[in-house]
Every structure is written in C-alpha cells, then in structure tokens.
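Right, one structure below, let's go through it.
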Amino acid sequence: MNIAIRRLLGLLLAAVLALGASAAQAHPHVWITAISELIYAPDGSITGVRHAWTFDDMFTTYALQGLETKTKGVYSREELSSLAQTNVESLKEYGFFTFAKADGKKEKFQEPVDYFLEYKDTTLTLHFTLPLKTPVKPKDLAVEVFDPSFFIDFGFAKKDPVRLVGAPAACQVKFQRPNDGAAGAQKIGEQNFLSGDNSNYGAMFANKISVECP
Amino acid sequence: MSLKSGFARALTICVAAAVVMLALDSVVNVLMAQTPFGGPRPSGAEPQAGGIVGWLLSKQSEFYHQMSSTIRAAKSDGSAVWTLLAISFAYGIFHAVGPGHGKAVISSYLVANQETARRGIVLSFASALMQSLVAVVIVGICAWLLNATAKTMCGAERVIEIASYALIAAFGARLVWSKGGGFIRALQASHSMPAMALAGHHDHAGHGHDHHHHDHSHAHAALHDHAHGHDEHDHGHVHDEHCGHSHGPAPSELAGPGGWRRGFGAIFAVGVRPCSGAILVLVFALAQGMFWAGIAATFVMGLGTAITVATIAVIAVSAKDLARRLSGASEGGALVMRGVEFGAAGLVLLFGVGLLLGYVAAERVTCF
C-alpha cells in the first residue's frame, strides 16, 4: 500500500509538472515596437534608458477607448497626459520590462521621467526615460527588454533599434533580437516551453542590448 | 499470486494514469514534445526559433494582426467580414492552446467526475459560449453604453477575473471534498485487504469477514477488531466483495443527481472570465463602427476555442477510460482510479488557488 501511495504521489507530481509546463504557453495580446536609447553622462557613466514604445493598433484603440478629445480622432499630448500617467504607473509593477546588468550586477531604476504619449498613424507611442538609481560605468553593460509572462511581445524597430547617446567613443553596442539566430540566442522550442519554469518564461523572447566599454 | 499480478497491473495503470494526467491540461505537450520534461531531444535538426509551439505562436500573432486590418477593410468591403470570421475561427483554435481558457479546469473536472466524452464536449462548448457572451456584455455595457475608459473597463475585468479564480478554487474544494471520500474508502479497502487475506488463511475460513457492520470510515477500527478476533457480528458472507473489490462509489452514484448542477458550476467558473483577446477585438471593432462584426468574430472565436478545449477534454476522458479498462476490477486498480480522480479534483483546487495568488500564469488582463 505504501507503494501505491508513493505511486500516487508520483502521479500527482507528474500532473503538476504537466500543468506547470503547459501553463507556460502564454501568448501575447499586445505588440510593442520599441526604440531604446542609452543615455550617458559626460564622465562616461550610463545614467538611464530612454524608451519609445509603439503599441499595435488594436491595443491603441483599446487604450484610447472612452477618451474625450476636442477633435474626434485627434489626440494631443495634453489630452493623452493622464493616460501616459496611468501607463507609467502600471508599468512599475512589471519593472518597466527593462532589466539592466552592469558587469553582471543587477541595476535598479528610479521612477520614470519625461513621459508622454504621442498619437500618430493610428498608433500610440509611449515615450519615457528610466534613470538608473545610481549611474554606473561598467565594462560590460547588458540591458534586456521583454515581458517575463509574454503578455506583451516586444519587437524592436527594424531601423535604428538602439542608440547610444553621449557614450564614450570606444564603447561598442551590440543588439540581439530574440530569434535572429545569433550565437548564444536562446532558441524558442519545446525544451524551453516544457521546462516547467514559467516565472521567467518570456526571457526567451528577450531583446538584448549589450555595450562594451574598454 | 493474485497480489503479484495485481501490482503488475497497477504498474500498467500507473503508466496509463500518467498519460491521463499529461493529457489533462495540454494535448500539445503530449503530442508534440518528444521529451515531456525538458530533457534533451534525441538529435534531429530542428529549425531554430521554431518547433511546433513556436509555429503556433507565430500563427496566432499572424491571425491576430490580420484581424485588425480585416475589420478596417470590412468597413468599406462587406465581403471582408467573411475573411474576418474565418480568421477569428482559426485564431480561436490556436489561441485556446494557451492558458486561461478553462482547458485544465474542464478536463480535470471531467476526469474527477467520471464524465462521458459527450458531456465533455457539451461543457467545453457551453463554457466557451459563455466566455464570448461575457466579453460582448462587458464591452457592450462599458464601452458602448457608458463609453467608459479603458482603465474603468480594465477594473471591471479584474474584478471578474478574481471572482472567476475564486469560483474555480471553491469548485475545486468541493470536488476535493467529495472525491476525497472515495479515495479514502479505496485506500482503506486496499489497506484491509492483505490483512484479511492473511487471516483468512489461518482461521477465518467460515467467518466471512463482515466488516460491513462497521462504517467504512472506521476501517482502522474494523481492522483492529479483526486482529482481536471480535467476529461476533458474523452475518456470513454478505460483504465478500470487500476482498479484491473497490469500495469507491460506482460510476452511476457519481453521475447521480447534482451531476449536471456541478457541470453548470464548471461552466460558470470557467466561462465567467472573458478572453482578453476577445475584449480587444470588440473594442477595436466598436471604435471602427463595426461592433456587430466584432460580436460575430467573438462568437466564431469562441467556437474555435470550444473545439480545442473539447478535443483536449475528450482526450483526457478517453485516456481515463483506457486506464479504467486496464485496471479492471482489481483492488489496486480501483485505488489508482480513485486516486486519479482525487488528484484531478486536487488539481482544480490547486489551479484556482494558484490563479488567485498569481502562481499560475494566466492571461493577464490588459491594464496599463
């Protein structure tokens, strides 16, 4: 009978694993096309990240639902200011989907500044700057942009996805898309999906910016 | 001898039961993964960024993106509505593979409750229909009637979401409560069996092991009595089936009155939470002045979702039937079957609690 109980426990474990694995098959509902700038201080340390995130038109419509404007279909920056406020406040919960490491050490961000929404060609673009808690001057800087739960699919703009602003001339920037097949890029496949770890499931869809400053 | 073959059988059942559990939530895992638990795949050149899951995801994104452009097109070209419906149907099928569409809850419920495949199909369609209805009602009231902002609508969605998770947890708790009884009885039956067999060999040939006198929930006491030879309640042979037979409730008992009521519980718990995708499509259609097309798309999407959920539900039920057939009437088999049912009930509870506490990934409500 003990054997039977042990078997049952095994079964339950298997079931939980199966459940966890398949729960990981999240899928995006919001698509963002991003452009990011890394901002440097004159002394060569990085002070923050400036994002411009353009939402897909379906989500744009959803976000604009019920918003009163003077002219129908025209949204000024002022009219969008309260929505922008809501956006950045809500994004805090998700760490702004921006994860930075300086020489392998995790860096934290402050509350966003200079945020506003812009409506153009039926899409909304959210602009905001994330200042680092403390500016750093690392040899290796890595900034990843992704949604761990993969509700949002982050794709970077085809042209000029990443820029360094005011960085020392010797710094080299590299950008890796989630599925461009570059060496070291994580492959999207069953292995990842079935690892049972859905806490960081979206990581395989991460966009990786790395900067090397000698 | 019979014990030995019983264990061999139990082993087979275990394998079958493992299949049930795997099939429970995601047919994709079973059908598509060569190594379900993340081990290295045996060689084979897999194209990068792919596999079938990657393909499913890219298909889904493709359909979803097409939906917005098709709704726009439908404003001037009526025939685009048919395209919209076709895309929505396909999207529903692919989309439901992801979490948050009640596959796990419905399949677990079916397995826990010895339901038929037919009823599984009915439950899947009913809950998907309800999901579509709720999405239409939310957008209809919040966006169309009240012209509420996304923030308000999102608040409403969140409340409904939490209510849905709480319902799933409560539903699971109820299942655990009722299935726990069957499992414990089966456990006790298997517990008392070897002792009885042993005793029977020695000096109880004529006693008939009348544990029936005792309530089933007191099997330990019964065993105790037995060891002390208190067989004064000997009514002969009445409960001979105690040896080697299931003490669990018969299927007919389980599907008795209240079965359909429980079914409605499942439909409601799963169906009350709308799909974020449907809400987005509806709001978009409304903004384009094509609300009716959005409603049609939502219901067709629900139909697609129902097909996926029903397929998974039927697989779960058939796998369990297979396990039951393999288990035959053996003691171990009954124990394992009751265990599987109990486990499935526990999964519904775990799932509800996990969703409530945010441990289980679900579709996030679009709030930001």
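Quick check on this structure: which one of B:Val309, B:Val314, B:Val300, B:Val348 is part of a helix (DSSP H, G or I) and modelled with pLDDT under 85? Spell out how you get there, then give the answer.
Numbers: B:Val309 fails: modelled with pLDDT under 85; B:Val314 fails: modelled with pLDDT under 85; B:Val300 fails: modelled with pLDDT under 85.
None of the others qualify; the one that does is B:Val348.
Would you mind finding the one in A:Asp140, A:Asp103, A:Asp121, A:Asp160 that is closer than 27 Å to A:Gly44 by Cβ, at pLDDT below 90 and acidic (Asp, Glu)?
Details: A:Asp140 fails: at pLDDT below 90; A:Asp103 fails: at pLDDT below 90; A:Asp121 fails: closer than 27 Å to A:Gly44 by Cβ.
Exactly one of A:Asp140, A:Asp103, A:Asp121, A:Asp160 is closer than 27 Å to A:Gly44 by Cβ, at pLDDT below 90 and acidic (Asp, Glu), namely A:Asp160.
Looking only at the range A:158-172, which residues are in a strand (DSSP E or B) and open to solvent by 60 Å² or more (accessible area, probe 1.4 Å)? If you could, list the steps in order and put the result at the bottom.
Taking the range A:158-172 first, the residues in a strand (DSSP E or B) are A:162-165, A:172.
Answer for the range A:158-172, where residues must be in a strand (DSSP E or B) and open to solvent by 60 Å² or more (accessible area, probe 1.4 Å): A:Arg163, A:Gln172.
Between B:Ala329, B:Ala319, B:Ala323, which is farther than 16 Å from B:Ala128 by Cα, part of a loop (DSSP other than H, G, I, E, B), modelled with pLDDT under 85 and of a type in the set (A, V, I, L, M, F, W, C)? Explain how you work it out, then say what you get.
On the way: B:Ala319 fails: part of a loop (DSSP other than H, G, I, E, B); B:Ala323 fails: part of a loop (DSSP other than H, G, I, E, B).
Exactly one residue qualifies, and that residue is B:Ala329.
Filter the range A:31-43 down to the residues that are away from every other protein chain (no Cβ under 14 Å) and open to solvent by 10 Å² or more (accessible area, probe 1.4 Å), then identify the one that is farthest from A:Asp114 (Cα to Cα). Before you say what the answer is, go through the steps one by one.
Here is the first cut: in the range A:31-43, the residues away from every other protein chain (no Cβ under 14 Å) are A:34-43.
In the following step, the residues that additionally are open to solvent by 10 Å² or more (accessible area, probe 1.4 Å) were identified as A:35, A:37, A:39-43.
On the way: A:Ile35: 16, A:Glu37: 14, A:Ile39: 13, A:Tyr40: 16, A:Ala41: 17, A:Pro42: 20, A:Asp43: 22 Å.
The qualifying residue farthest from A:Asp114 (Cα to Cα) is A:Asp43.
Have a look at A:Ala185, A:Ala203 and point out the one that is at pLDDT below 90 and assigned to a helix (DSSP H, G or I).
Details: A:Ala185 fails: assigned to a helix (DSSP H, G or I).
It is A:Ala203.
If you go through the range B:47-99 one residue at a time, how many are outside any helix (DSSP H, G or I), at pLDDT 75 or above and either open to solvent by 20 Å² or more (accessible area, probe 1.4 Å) or of a type in the set (Asp, Glu) (or both)? Steps first, please.
Taking the range B:47-99 and keeping what is outside any helix (DSSP H, G or I), we get B:47-50, B:77-79, B:96-99.
In the following step, the residues that additionally are at pLDDT 75 or above were identified as B:77-79, B:96.
Adding the requirement that they be either open to solvent by 20 Å² or more (accessible area, probe 1.4 Å) or of a type in the set (Asp, Glu) (or both) leaves B:77-79.
Within the range B:47-99, residues that are outside any helix (DSSP H, G or I), at pLDDT 75 or above and either open to solvent by 20 Å² or more (accessible area, probe 1.4 Å) or of a type in the set (Asp, Glu) (or both) number 3.
For the list (1) at pLDDT 85 or above; (2) open to solvent by 10 Å² or more (accessible area, probe 1.4 Å), I need the number of the one condition that B:Glu115 fails.
The failed condition is (1).
Which residue is farthest from the other protein chains (Cβ to nearest Cβ), if the candidates are limited to the range A:44-83 and must be touching a Ser or Thr at 6+ places or on another chain (Cβ under 7 Å) and more than 27 Å from A:Arg163 (Cβ to Cβ)?
Top of the filtered list is A:Glu79.
Tell me which residues, restricted to the range A:95-116, are crowded, with 18+ Cβ neighbours inside 10 Å and in contact with an Asp or Glu (Cβ under 9 Å, 6 or more places away or on another chain).
Passing the criteria: A:Phe97, A:Thr98, A:Phe99, A:Ala100, A:Ala102.
Which ones in the range B:136-156 are of a type outside the set (S, T, N, Q), within 11 Å of chain A (Cβ to nearest Cβ) and either farther than 24 Å from A:Leu91 by Cα or part of a helix (DSSP H, G or I) (or both)?
Restricting attention to the range B:136-156, the residues satisfying the condition of being of a type outside the set (S, T, N, Q) are B:136-146, B:148, B:150-151, B:153-156.
Next cut, within 11 Å of chain A (Cβ to nearest Cβ) only: B:139, B:142-144, B:146, B:148, B:150-151, B:153-154.
Across the range B:136-156, the qualifying residues are B:Val139, B:Cys142, B:Ala143, B:Trp144, B:Leu146, B:Ala150, B:Lys151, B:Met153, B:Cys154.
Looking at the range A:120-141 only, could you name the residues that are crowded, with 20+ Cβ neighbours inside 10 Å and touching a helix residue (DSSP H, G or I) at 6+ places or on another chain (Cβ under 8 Å)? So that I can check it myself, show each step before the final result.
Filtering the range A:120-141 for residues crowded, with 20+ Cβ neighbours inside 10 Å gives A:124-126, A:128, A:130, A:141.
Passing the criteria: A:Leu124, A:Leu126, A:Phe128, A:Leu130.
Taking only the range B:104-117 into account, find how many residues are within 13 Å of chain A (Cβ to nearest Cβ) and out of contact with any Asp or Glu (no Cβ under 6 Å at 6 or more places or on another chain). Explain how you work it out, then say what you get.
Taking the range B:104-117 and keeping what is within 13 Å of chain A (Cβ to nearest Cβ), we get B:104-105, B:107-108, B:111-112.
Retained after the next criterion (residues that are out of contact with any Asp or Glu (no Cβ under 6 Å at 6 or more places or on another chain)): B:105, B:107-108, B:111.
Total meeting the criteria: 4.
Select from the range A:142-157 the residues that are in contact with a helix residue (DSSP H, G or I) (Cβ under 7 Å, 6 or more places away or on another chain) and either in a loop (DSSP other than H, G, I, E, B) or basic (Lys, Arg) (or both) and list them in ascending order.
A:Phe146, A:Asp147, A:Pro148, A:Ser149, A:Phe150
Please work out which one of (1) modelled with pLDDT under 80; (2) open to solvent by 20 Å² or more (accessible area, probe 1.4 Å); (3) touching a helix residue (DSSP H, G or I) at 6+ places or on another chain (Cβ under 9 Å) is the condition B:Pro257 fails and give its number.
In the conditions (1) modelled with pLDDT under 80; (2) open to solvent by 20 Å² or more (accessible area, probe 1.4 Å); (3) touching a helix residue (DSSP H, G or I) at 6+ places or on another chain (Cβ under 9 Å), B:Pro257 misses (3) alone.
Taking the condition of a type outside the set (Asp, Glu), within 14 Å of chain B (Cβ to nearest Cβ), within 25 Å of B:Lys59 (Cα to Cα) and open to solvent by 20 Å² or more (accessible area, probe 1.4 Å), does A:Thr86 pass?
no
The values are calculated or read from the model by the stated rules, or taken from the named source; none is laboratory data. Predicted, not measured: the structure shown is a model, and the values here were computed from it. For neighbour counting, all protein chains shown are included, and Cβ atoms are generated from backbone atoms with ideal geometry for every residue, glycine included. What goes into the accessible areas is simple: the full protein's heavy atoms, side chains included, and nothing from ligands, DNA or RNA. Shrake-Rupley method; radii C 1.70, N 1.55, O 1.52, S 1.80 Å.
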